[in-house]
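The values are calculated or read from the model by the stated rules, or taken from the named source; none is laboratory data. This one's a predicted model, so the numbers in the text were calculated from it and none came from an experiment. With ideal geometry, Cβ positions are generated from the backbone for all residues, glycine too; neighbour counts draw on all protein chains shown.
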Amino acid sequence: MKRKAILVLVPVLLLGAVAFSTADARPAAGNTTWPLSLITRPCASIGVQGPGGGPPRVVCMGVTGRPATVNVPTPWLSDRAPEMSLVSIPTFFNLEWDPGSLDAQDSAPLTLSYPIGNPTDKLINVRVQLRLRAWDYPAQGTTETSFTMGNVALETPDSLYLVNATDTRNTYYQFACTPDAVAGLDPSNPLLSIGPGLGGYPAGCASIQEELGGVGSRNPVTYTTGFRDTQRYPEWGDITIPQFLGFTPFASIYGAGTDRGSPAFQIIATTRFAVEARVVWDVHQERREDVEIDCQWSYRNNYDFIDWSRWPDPIYCRRNVTVSWPTFCKPFDGCPYGNPEDWWIPYVPALEVQAIRLPDGTYGSTYDFVSVQSQALLTAP
């Protein structure tokens, strides 16, 4: 009976050995199609928020499901003179980029696996990044109520004239600063002729500009764009008209804006830019399975296969599979699907946002400019 049992059992065991003895390791994945699908579409949606309590910002809902943001550099009326704007008296402004408006936040890092359920690849610390590229306005002529400077447009919808402070030949500059040189204008403008002890500006507009440091005399060390991280603001330069003047022969009683309860004219600054986004990660890992064959007599009731070649050593064997995730590549060190410096995807058309930082440090969509009629006070003694 024992001999027959062995004769019957041997074919079965041999069949088991044939069926279960293969123990090849699963090959590395190295999927390149999946990362490319992420690279080509970093944002599911994109839009602009603000200004509000701070500068406007671009928000991208990233492919990871988490938002990335970058602030829009905001024109800043950093100083003005005189403090009170009077009818027919020019008010000069220093205009620069607000360094406090510069900031970018990547989306929170996330590890992504592919495919779902039984992944062969992982991307570690996946995040979406944004940057803004200055996008100049088309060349256009300067008008009495508007002018452009690179990617910023300055304009007013009201009875207010805006003039580049270096454009001394401009008719409206002459109206404001040298009325005696313009035919038909009354040259008796007391504030521009009486002494400083009586509250006047004897040197005219030059005296007012002197309070702001004069045209082009600002310290280049302190008067900078502040774009320290050029990666997030590529090709973004200084405002090309750092000083301008506002001038009106009218009181602002019919202005469209309001400043502390007073009717006010409005100055509007609009910034134009292009948004670029990319998705990036630290490491691309691939799944690897290492199989170790372990044979024990104790596995007789729970084995993967029988290896008769091991006889008289234990013939009941198991495959112990160890899964590891070695590095397939690191993007910044080189990956077969490209370099992250080439992963920036532009979103067109260019966007525009109306925002300005006011002299008091707050942010708004307009600067409300009060022009006061007080001619009786301007009579020279």
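Points to keep in mind about this one:
- Within the range 120-164, if we keep just the residues that are of a type in the set (Ser, Thr, Tyr), buried (at least 20 other Cβ atoms within 10 Å of the Cβ) and modelled with pLDDT of 90 or more, the residue that is nearest to residue 85 (Cα to Cα) turns out to be 161.
- From 102, 95, residue being closer than 22 Å to residue 344 by Cα and buried (at least 16 other Cβ atoms within 10 Å of the Cβ): 102
- Hits in the range 64-79 (condition: crowded, with 21+ Cβ neighbours inside 10 Å and not polar (S, T, N, Q)): 68, 70, 72, 73, 75, 76
- If you go through the range 58-104 and keep only what is over 16 Å from residue 211 (Cβ atoms), among the hydroxyl-bearing types (Ser, Thr, Tyr) and in contact with a Lys or Arg (Cβ under 9 Å, 6 or more places away or on another chain), you end up with 64, 69, 74, 101.
- Hits in the range 252-282 (condition: out of contact with any helix residue (DSSP H, G or I) (no Cβ under 7 Å at 6 or more places or on another chain), farther than 22 Å from residue 149 by Cβ and surrounded by fewer than 19 Cβ atoms within 10 Å (Cβ to Cβ)): 253, 254, 256, 258, 259, 260, 261, 262, 282
- Qualifying residue in the range 169-190 (condition: modelled with pLDDT of 85 or more, assigned to a loop (DSSP other than H, G, I, E, B) and among the hydroxyl-bearing types (Ser, Thr, Tyr)): no
- Leading residue by the ranking (farthest from the chain's Cα centre (by Cα)) among those in the range 142-161 that are of a type in the set (S, T, N, Q) and in a strand (DSSP E or B): 143
- Sub-6 Å Cβ pairs linking a first residue in the range 62-86 that is without any contact (Cβ under 8 Å) to a residue 40 or more places away in the chain to a second residue that is of a type in the set (D, E, K, R) and in a loop (DSSP other than H, G, I, E, B), at least 6 apart or interchain, are 71/103, ordered by first then second residue.
- Unique match (being in a loop (DSSP other than H, G, I, E, B) and out of contact with any Ser or Thr (no Cβ under 6 Å at 6 or more places or on another chain)) among 314, 336: 314
- Residues that are under 17 Å from residue 106 (Cβ atoms) and touching an Asp or Glu at 6+ places or on another chain (Cβ under 9 Å), drawn from the range 40-61: 57
- Some residue of the range 347-369 being in a loop (DSSP other than H, G, I, E, B), loosely packed, with under 11 Cβ neighbours inside 10 Å, within 44 Å of the chain's Cα centre (by Cα) and at pLDDT 90 or above: no
- Output for the range 273-310, where each listed residue is outside any strand (DSSP E or B) and among the polar types (S, T, N, Q): 296, 298, 301, 302, 309
- Test: residue in the range 219-234 that is assigned to a loop (DSSP other than H, G, I, E, B), surrounded by 15 or more Cβ atoms within 10 Å (Cβ to Cβ), at pLDDT below 85 and in contact with a Ser or Thr (Cβ under 7 Å, 6 or more places away or on another chain): no
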